[in-house]
């Protein structure tokens, strides 16, 4: 039997599905890590708020619901549910007054969203109420950043585990606003434009219908579906995507926010249980502006960090995945079915 070589849904990218080199979940299982609800040296833990820059967004518990604040006049709010702070080691920085935006400087914003006051509240075991705060926090910052005239794209992503690039273990994600549309979302958008022009339809709406009945299907609820993509680059990679066409997180309603929180907890909980809390990255892929929302269908891509790209991948742009997505989906389905129910 020959290995498959598969093309990505959107990108001009090819992946070899190396069936003959197939590996089992136990081949990737991580050693169990020690956990604690608080780390006195962690700048993201409660009580250490002055170790970070002033927060641009804080969720506080109020009598009538959530109160949204920012740290001002040297104060640091206590008793928070989530905090969003500028990254101390920012890749992008706000422009200086009077500066031209055509200089090629890395103009933008780089923020850290601290997802919980609990040091190790992994999304796979987090409270649904807390994940709802996280998603709403993403939307709040996305809305503000997209209004800035020098921002062309907002990337929301998460690095989990040292091998995936997380320098701090406290549960957090990052938000980077850039002055240009980065290559991957740009190329995906161009593919969506081409498909829409030729067919009048959204390519990812059609992908959902096909993958819902494929061996790569993992899980679904009323609003979202999860599946292993046809040309998965990474072992156990999966996507979470809204069933109804939406361009960005800003189109979520109250019910769909809760459904997304359940999708995150279920699917990341399945990954956590299957591979014993592996390192992973995830990233939201969204339409960059109002004009492209009709063309582009937002989705979340989750990439477990289980293998190393070597000379062949780096020199050719063709990737080798040693776990067929059909196998990873089957393992995820079985694991999710055995997760404890809240």
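The numbers here are math on the coordinates, done by the rules we state, and not lab data. Everything numeric in this text was worked out from a predicted model, so none of it was measured. Heads up, the Cβs are rebuilt from the backbone with ideal geometry, glycines too, and the neighbour counts pull from every protein chain shown.
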Legend entry - Ascending count of other beta-carbon atoms within 10 Å, so fewest first, for 76, 127, 141, 83: 127, 76, 141, 83
Inset, instruction - Report, in degrees rounded to the nearest 10, the 0 to 90 angle that the Cα long axis of helix 254-275 makes with the longest principal axis of the chain. - result: 60
Legend entry - Footprinting exposure proxy for 158, 212 (fewest neighbouring C-beta atoms within 10 Å first): 212, 158
Legend entry - Neighbour-count order for 274, 60, 250, fewest beta carbons within 10 angstrom listed first: 60, 250, 274
Inset, instruction - Sticking with the crude label model, points 7 Å out along Cα→Cβ, report the distance from residue 63 to residue 125 in nm, one decimal please. - result: 3.7
Inset, instruction - Mind pulling the angle between the C-alpha long axis of helix 128-146 and the longest principal axis of the chain? Nearest 10 degrees, somewhere in 0 to 90. - result: 80
Inset, instruction - Could you work out how far apart the two model spin labels at residue 186 and residue 337 are, taking each label as a point 7 Å from the Cα in the direction of the beta carbon, and quote it in nm? - result: 4.5
Legend entry - GNM top mover of 283, 270, 65 - the chain, alpha-carbon springs below 10 Å: 65
Inset, instruction - Give, in nm to one decimal, the length gained when the segment between residue 13 and residue 194 is fully stretched (0.36 nm per residue of separation minus the Cα-Cα distance). - result: 63.5 nm
Inset, instruction - Return the whole-Å distance between the Cα centroid of the range 135-184 and the Cα centroid of the range 69-95. - result: 14
Legend entry - Estimated [θ] at 222 nm from DSSP helical runs (n ≥ 4, -39500 (n - 2.57)) normalised by residues in the chain, nearest 500: -8000 deg cm²/dmol
Legend entry - Helix 325-337 vs. the chain, principal-axis angle (Cα, 0 to 90°, nearest 10): 60
Legend entry - Reported label for calculated semi-axes √(5λ) of the Cα gyration tensor in Å given (1) 40, 26, 17; (2) 32, 25, 20; (3) 25, 24, 21: (2)
